[in-house]
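Undergrad: The following block contains the structure, expressed as structure tokens.
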Amino acid sequence: MQVHLPTQWCRSLAARMRVAVDITPLIGQRTGIGVLTAGVLGELARRRLCSFRGYAVTWRGRDQLAAQLPPGVEPIRLPMVARPLHWAWGRFDGPVIEWWTGPVDVVHGTNFVVPPAAKAAEVVSVHDASFVRHPQFVEPASLRYPAVIRRAVARGAWMQVLSHAMVPEVVECFGALPERVRVVSPGVDPALGADPAPEVSPGVDPSPVADPAVDRGRPYVLALGRSEPRKDLALLVDAFDQLAGDHPDVDLCLAGPPGWAEGPLEAALARAHHRGRIRRLGWVDDAAKDRLLAGAAAFAYPSVYEGFGI
């Protein structure tokens, strides 16, 4: 039997729910997980359906915490140090998150790690299983995640994934029960679909702002994301270099911050015969990213493995 409560009752009940959210991905130059976390948390806080407290498992980024939070989210200012906490949470059910946040009803680990809780329900977002499937392609710190995730699963944590393809992955890799896994697909930024702007058209390396004297009409292939081995940008550079001679009017643009192991990409760039037509733009802000996407002739996504992508 379904019971339909009046809307005002639902809002009243939800308003009493206290949710602690890991906002560590918001700190610094945001990659995909940071953009996703900011969008979801910002929209939920705007609707005022729950009260939110943001915590960050980082020592170096603690001073940036409050400035990164959307309106309506209370910052937790007590310091949390990532390495010892991840070590402990992979082996014990403590220290519990309430030590930092006070009493909460739900704790959401937005980036593979959900702290143990004394009373709160636990939810952990698992974006992929690359550190299990391809451990050679991840940075050493990510190799701590499997133990932490499996410990959370053993405690009965709910698991949130972003695509149906990830459901069998988390069941196999972490022992999750299918009935405890929920697919919550990411939304699309409403800014996507903007018109291309000349100031971010290809032409000059490395700045994404082209000189006015540079021809801005050249088509380009765009890759977007942090340059780490799993993204396989070295393969993309090699492929572009093989075809570039047959398409002299096309450039390749690589937008995204440097990764933790850039050797393969640097080697591919060094051997490219058409290096002058390959632009590394570095990290770009949301507005530049949207204009780059709008102006691209093609988007390249050559990753070895992904759990989701837009």
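The values are calculated or read from the model by the stated rules, or taken from the named source; none is laboratory data. The model shown is predicted, which means the values in this text are computed figures rather than measured ones. Counting neighbours? That spans all protein chains shown, and the Cβs are built from the backbone with ideal geometry, glycine included. Surface areas here come from the heavy atoms of the whole protein model, side chains and all, with no ligands, DNA or RNA. Shrake-Rupley method; radii C 1.70, N 1.55, O 1.52, S 1.80 Å.
Undergrad: Please enumerate the residues belonging to the stretch 255-310 that are in a strand (DSSP E or B) and at pLDDT 90 or above. Break it down into steps so the answer makes sense when it comes.
TA: Taking the stretch 255-310 and keeping what is in a strand (DSSP E or B), we get 255, 258, 278-282, 298-299.
Ala255, Ile278, Arg279, Arg280, Leu281, Gly282, Ala298, Phe299 - these are the residues of the stretch 255-310 that are in a strand (DSSP E or B) and at pLDDT 90 or above.
Undergrad: May I pose another question? So, in the stretch 121-153, how many residues would count as being aromatic (Phe, Trp, Tyr) and open to solvent by 40 Å² or more (accessible area, probe 1.4 Å)?
TA: As a first pass, look at the stretch 121-153 and keep what is aromatic (Phe, Trp, Tyr): 131, 137, 145.
Right, trim to open to solvent by 40 Å² or more (accessible area, probe 1.4 Å) and you get 137.
Count: 1.
Undergrad: Which one is surrounded by the most Cβ atoms within 10 Å (Cβ to Cβ) among residues in the stretch 87-120 that are of a type outside the set (Val, Ile, Thr) and under 17 Å from Val40 (Cβ atoms)?
TA: Gly109
Undergrad: Working only within the stretch 125-163, note down all residues that are within 22 Å of Pro264 (Cβ to Cβ) and of a type in the set (D, E, K, R).
TA: Asp128, Arg133, Glu139
Undergrad: Mind counting the residues in the stretch 260-270 that are touching a helix residue (DSSP H, G or I) at 6+ places or on another chain (Cβ under 8 Å) and free of Cβ contacts under 8 Å to residues at least 40 places away in the same chain?
TA: Number satisfying all stated conditions: 5.
Undergrad: Out of the stretch 106-126, which residues are under 17 Å from Gly307 (Cα atoms) and out of contact with any Ser or Thr (no Cβ under 9 Å at 6 or more places or on another chain)?
TA: Val126
Undergrad: So how many residues does the stretch 85-120 have that are of a type outside the set (Val, Ile, Thr) and outside any loop (DSSP other than H, G, I, E, B)?
TA: If we filter the stretch 85-120 for residues that are of a type outside the set (Val, Ile, Thr), which is where we start, we get 85-95, 98-100, 102-103, 105, 108-109, 111-112, 115-120.
After this cut, where a residue has to be outside any loop (DSSP other than H, G, I, E, B) as well, the list is 85-89, 98-100, 108-109.
Total satisfying the criteria: 10.
Undergrad: Related question: Can you tell me which residue is least open to solvent (accessible area, probe 1.4 Å) among those in the stretch 259-297 that are within 20 Å of Asp241 (Cα to Cα) and among the charged types (D, E, K, R)?
TA: Among residues in the stretch 259-297 that are within 20 Å of Asp241 (Cα to Cα) and among the charged types (D, E, K, R), the one least open to solvent (accessible area, probe 1.4 Å) is Arg279.
Undergrad: Got a sec? Which of Arg62, Arg77 is open to solvent by 60 Å² or more (accessible area, probe 1.4 Å), more than 28 Å from Pro146 (Cβ to Cβ) and not polar (S, T, N, Q)?
TA: Result of the check over Arg62, Arg77: Arg77.
Undergrad: Further question: List pairs: first residue in the stretch 19-39 and among the acidic types (Asp, Glu), second residue part of a loop (DSSP other than H, G, I, E, B) and crowded, with 23+ Cβ neighbours inside 10 Å anywhere in the structure, Cβ distance under 6 angstrom, at least six positions apart or on different chains.
TA: Hits for this filter: Asp22/Thr110.
Undergrad: Here is a further query. Considering only the stretch 132-148, I want to know if a residue exists there that is within 13 Å of Gly175 (Cβ to Cβ), assigned to a loop (DSSP other than H, G, I, E, B) and either hydrophobic (A, V, I, L, M, F, W, C) or in contact with a strand residue (DSSP E or B) (Cβ under 6 Å, 6 or more places away or on another chain) (or both).
TA: No - not one qualifying residue is present in the stretch 132-148.
Undergrad: Give the stretch 33-88 a look and list any residue that's closer than 24 Å to Asp128 by Cα and among the small types (Gly, Ala, Ser), or say none.
TA: Gly34, Ala38, Gly39, Gly42, Gly54, Ala56, Ala82, Ala88
Undergrad: Restricting to the stretch 154-167, count the residues that are at pLDDT below 95, among the small types (Gly, Ala, Ser) and open to solvent by less than 30 Å² (accessible area, probe 1.4 Å).
TA: Final tally of qualifying residues: 1.
Undergrad: Restricting the search to the stretch 38-63, which residues are over 16 Å from Asn111 (Cα atoms), among the hydrophobic types (A, V, I, L, M, F, W, C) and not in a strand (DSSP E or B)?
TA: Matches in the stretch 38-63: Leu44, Ala45, Leu49, Cys50, Trp59.
Undergrad: For the stretch 64-84, enumerate the residues that are part of a helix (DSSP H, G or I) and under 21 Å from the mean Cα position of the chain (by Cα). Please lay out each step first, then the result.
TA: Taking the stretch 64-84 and keeping what is part of a helix (DSSP H, G or I), we get 64-68, 82-84.
Scanning the stretch 64-84 gives Gln64, Leu65, Ala66, Ala67, Gln68, Ala82, Arg83.
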